[in-house]
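Working notes, beginning with the structure itself.
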Amino acid sequence: MKSVPTKKTSIIGAALFAAAMALPSTHSAFAEAAPEKGIIAFKYLNYQDSQPGQDRIGVNAYTVNALAPIAGKWSITTTYVYDSVSGASPEYHSHIVSGASSHETRQEVDLGLTRYFSKGSLTFGSTYSTENDYISRSYSAQGSLSTEDKNTTFSFGGSYTTDTIDPSNEVGTLYSKRVVAGLVGVTKVLTKTDIVQLNLGYSIGHGYFNDPYKLFDQRPDKKESKTVMTRWNHHFDGTDGTSRLSYRFYTDTFGVRAHTVGLEYVQPVAGDWTIIPSARFSSQTASDFYLPDYPLPGAILPAHYSLDQRLSAYGALTLGIKVEKRIAKEWLVDAKFENYEQRAGWAITGGGDTALAPFTARFIQLGVSREF
């Protein structure tokens, strides 16, 4: 079979760059009044992943965000993302890399409108993302409602996403995918130094979930997923620092079960500097249809199968540090570095594919924002 570039733009662009798209907050998570000031922000992110002896995917992403208050009760946000992806990843597993490299770009535009009330808010949003073989459209609504004492906030939301896939190695063939997702949550102030949060998420999708650029990849045309996310923020009066602890559990009908634990510590220091070290560990089981070995010629395959290493069992550790500097009250500049290490032997449930080569990724993010 002819080697083809492995498509990565939609995966990396949509998932790994989510943090780069967030605007700096100008008000408390519990404030239900429209922001008094607007913000414009620019983010640059550089990503490179590799395995022993070879660099694989490299990405440069540029993001511009803007937030503007309107008439005291409204705000509007907009985001533009441009990312450029180059390189090639394995056609299957981790040691057989596609003979051809690719260079592709993706553009995304987001728009959100929020109405603030005395005890809550309501936001409507829309996202459009396009690349040479993938178009995604998403529509969302989310809201919040606080109690009289403002110590408890309930949140809820939903989204509908429709994707069109036009693989470059299958000329004239179009595929589609539709995903409906929902979220409910509660955030509560326990003490003057402690805030906790619980979110429950659910999504169901129908359509094309295969990776058309990988060999032997035939996945179900329906996927359901559930998530449970908890967070605990604790403020230390003595140091004026804040710890942020999180845990996330994920399960889906592909058979993947994943646990993620994260910890970061926000420490202001003299001269309007802030230092934020972070650590995150995740572990997942393999999907029900993951194939650890290349099928023998003439072998009878099951209805669903995949050699994609992202569906294998593994553990991963991410270590990072972020530095922020506020300048003249209106300006904020930041720099962040993260290193990601993935190993089959780190899977806490065992059963990792020991034949997979270690995987490493490095993130560098630079940002600047201004209030006006």
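Data for the structure
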{"read-out": "Pairs with Cβ under 6 Å, 6+ apart, first in region 48-62 and buried (at least 21 other Cβ atoms within 10 Å of the Cβ), second part of a loop (DSSP other than H, G, I, E, B) and not β-branched (Val, Ile, Thr)", "value": "Arg56/Ser89; Ile57/Lys8; Ile57/Ser89; Ala61/Phe17"}
{"read-out": "Every pair of residues 6+ apart whose Cβ atoms lie under 9 Å, when the first sits in region 191-220 and is of a type in the set (A, V, I, L, M) while the second is assigned to a strand (DSSP E or B) and at pLDDT below 95", "value": "Leu215/Glu91; Leu215/Tyr92; Leu215/Ile96"}
{"read-out": "In region 336-368, the residues that are within 18 Å of Gln48 (Cα to Cα), of a type in the set (A, V, I, L, M, F, W, C) and either modelled with pLDDT under 90 or in a loop (DSSP other than H, G, I, E, B) (or both)", "value": "Ala357"}
{"read-out": "Residue that is modelled with pLDDT of 95 or more, among the aromatic types (Phe, Trp, Tyr), over 20 Å from Gln142 (Cα atoms) and surrounded by 14 or more Cβ atoms within 10 Å (Cβ to Cβ), where the choices are Tyr92, Tyr82, Tyr116", "value": "Tyr82"}
{"read-out": "Of all residues in region 147-190 being within 21 Å of Ser136 (Cβ to Cβ), small (Gly, Ala, Ser) and assigned to a strand (DSSP E or B), the one that is farthest from the chain's Cα centre (by Cα)", "value": "Ser176"}
{"read-out": "Output for region 296-335, where each listed residue is touching a Phe, Trp or Tyr at 6+ places or on another chain (Cβ under 6 Å) and in a loop (DSSP other than H, G, I, E, B)", "value": "His304, Leu307, Ser312"}
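The rows are residues; the columns are (1) of a type outside the set (Lys, Arg); (2) surrounded by 19 or more Cβ atoms within 10 Å (Cβ to Cβ); (3) within 14 Å of Asp217 (Cβ to Cβ); (4) at pLDDT 95 or above.
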{"position": "Ile275", "(1), (2), (3), (4)": "yes, no, no, yes"}
{"position": "Ser287", "(1), (2), (3), (4)": "yes, yes, yes, yes"}
{"position": "Pro295", "(1), (2), (3), (4)": "yes, no, yes, no"}
{"position": "Val333", "(1), (2), (3), (4)": "yes, no, no, yes"}
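The values are calculated or read from the model by the stated rules, or taken from the named source; none is laboratory data. Treat the numbers as computed from the prediction; the structure is a model and nothing was measured. Positions of Cβ are backbone-derived with ideal geometry, glycine not excepted, and every protein chain shown enters the neighbour counts.
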